[in-house]
Amino acid sequence: MSDQVKILSNRLYGRGSLEVSDVKIFPGTLREVTKEQIAEQLNRSLAEIETGDFDLVDDEASIGTPA
């Protein structure tokens, strides 16, 4: 198991974790992605949420709005 996958596993399921019981990840149209790449991105995203370094996007506000 890679370092990123171990970190993510502990972050989601380990002691003092987010206590996730089940998670499903959809890679979108990119099928050539490794579990290491997915784990790295999720770790980065969780770190940004923990530090408050993110922008909240309201998708409902953009429904029906031309791009």
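The values are calculated or read from the model by the stated rules, or taken from the named source; none is laboratory data. The structure presented is a predicted model; accordingly, all values stated were derived computationally and were not measured. For neighbour counting, all protein chains shown are included, and Cβ atoms are generated from backbone atoms with ideal geometry for every residue, glycine included.
Observations, loosely collected:
- Number of positions in the stretch 19-46 that are assigned to a loop (DSSP other than H, G, I, E, B) and without any contact (Cβ under 8 Å) to a residue 12 or more places away in the chain: 15
- Unmet requirement for residue 51, which otherwise passes all of (1) loosely packed, with under 10 Cβ neighbours inside 10 Å; (2) modelled with pLDDT under 90: (2)
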